[in-house]
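Student: First the structure, then my questions, so here it is.
The values are calculated or read from the model by the stated rules, or taken from the named source; none is laboratory data. These figures come from a predicted structure and were not determined experimentally. Using ideal geometry, Cβ is built from the backbone for each residue, glycine included, and neighbour counts are taken over all protein chains shown. For accessibility, only protein heavy atoms count, side chains too; no ligands or nucleic acids. Shrake-Rupley method; radii C 1.70, N 1.55, O 1.52, S 1.80 Å.
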Amino acid sequence: NWREEFSIAKRIDLSLMEWTLDYEDLYLNPLMTEDGRKEINFLSKVSSILIPSITGDCFMQRPFWKAKNEELNLLKKTFIDVINAASKLNIKYLILPLVDNGSIKNKNQEEILISFLLENKSFIKNSNLNILFESDFNPKNLKSFIRKLPPDIFGINYDTGNSAAYGYKPDEEFNYYGEYIKNVHIKDRKKNGTTIPLREGDVD
């Protein structure tokens, strides 16, 4: 029902939406087809709804930094294909979730990810979008991670619920990496719990 979202959003006075990409049937997603992008553009204009950001759950579901050999190359190509498609819709932010199945567990995984992104930094910059990381790193380690990448095309997506679930303190987080935050997800979670309605969790 993605088409209906535009009219619903307009009716309740929203001016923008963020979409989520899943790996299943990824290449059938309207974002990934020429006809689909034309329809998205049309619906966006007639409803005055912008889509400035996309969360790439597809990368969390199949993280290339944990893959090997042929699968590694296939998933890297998928990453490039998504950036190409997003740039054609003038997407501003592509959010890369380093949480749950996408969580970085060792230096080797981090090296694979960082190296690939640095190798493709010119391509990403020319696509006119920013890659933003949503991470389970503690504040100190997240600052160390993000400083390895150029700040003009990479940044942080701050998720209030995730931070509460990990037990992190917002003032400490912002002191460490606040300057790198370019997008915010507002939700609520209990510590070590799942997403629940706003004001029912541990988010300050």
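Student: Nearest 5 percent is fine: what portion of the DSSP beta bridges confined to the chain is antiparallel?
Tutor: Values: 2 of 22 bridges.
Of those bridges, close to 10 percent are antiparallel.
Student: To continue, here is another question. Which of the pairs Lys107/Lys187; Lys77/Lys121; Lys68/Lys182; Lys143/Lys182 have their Cα atoms more than 20 Å apart in this structure?
Tutor: Lys107/Lys187; Lys68/Lys182
Student: Of the listed values (1) 10, 38, 36, 14, 2, 0; (2) 8, 29, 32, 21, 8, 2, 0; (3) 8, 33, 36, 20, 2, grab the one calculated as P(r) over Cα pairs in 10 Å bins from 0, in percent from the structure here.
Tutor: Read-out taken from this structure: (3).
Student: Once you've got the GNM for the chain with C-alpha springs shorter than 10 Å, pick whichever of Phe137, Phe145, Phe42 has the biggest mean-square fluctuation.
Tutor: Answer for the Gaussian network model of the chain: Phe42.
Student: Can you work out the accessible area per residue across the chain, with the rest of the protein chains kept in place, probe 1.4 Å, in square angstrom? Intermediate results must be reported in sequence, preceding the final value.
Tutor: Numbers: 11280 Å² over 204 residues.
On a per-residue basis, 55 Å².
Student: Using DSSP to call loops (not H, G, I, E or B), can you name the GluC sites (Glu not before Pro) in the stretch 6-102 whose Cβ has at most 13 other Cβ atoms within 10 angstrom?
Tutor: Filter output for the stretch 6-102: Glu24.
Student: Test of understanding: in a Gaussian network model of the chain with alpha carbons linked when under 10 Å, which of Phe154, Phe174, Phe64 would top the mean-square fluctuation ranking?
Tutor: Phe174
Student: Can you list residues from other chains, or at least 5 along the same chain, whose modelled amide H is less than 5 Å from the amide H of His185?
Tutor: Tyr158, Asp159, Thr160
Student: Okay, next question. Of the accessible area of the chain, with the probe set at 1.4 angstrom, what percent is carbon plus sulfur?
Tutor: Carbon and sulfur atoms account for 48 percent of the accessible area of the chain.
Student: Hey, what do the phi angles of the stretch 142-152 turn into as Karplus ³J(HN,Hα) couplings, whole Hz, using 6.51/-1.76/1.60 and θ = phi - 60°, x for Gly and Pro?
Tutor: 5, 4, 4, 5, 5, 6, 7, 10, x, x, 6
Student: Here is a further query. Only Cα pairs within less than 10 Å get springs; with that Gaussian network setup on the chain, which residue of Tyr27, Tyr180, Tyr93 has the largest fluctuation?
Tutor: The residue that fluctuates most here is Tyr27.
Student: If each DSSP helix of 4+ residues adds -39,500 (n - 2.57) and the sum is divided by the residues in the chain, what number results at 222 nm, nearest 500 deg cm²/dmol? Don't skip to the answer; put the middle values down first.
Tutor: Details: 9 runs with 91 residues, N = 204.
My calculation for the chain gives -13000 deg cm²/dmol from helical runs alone.
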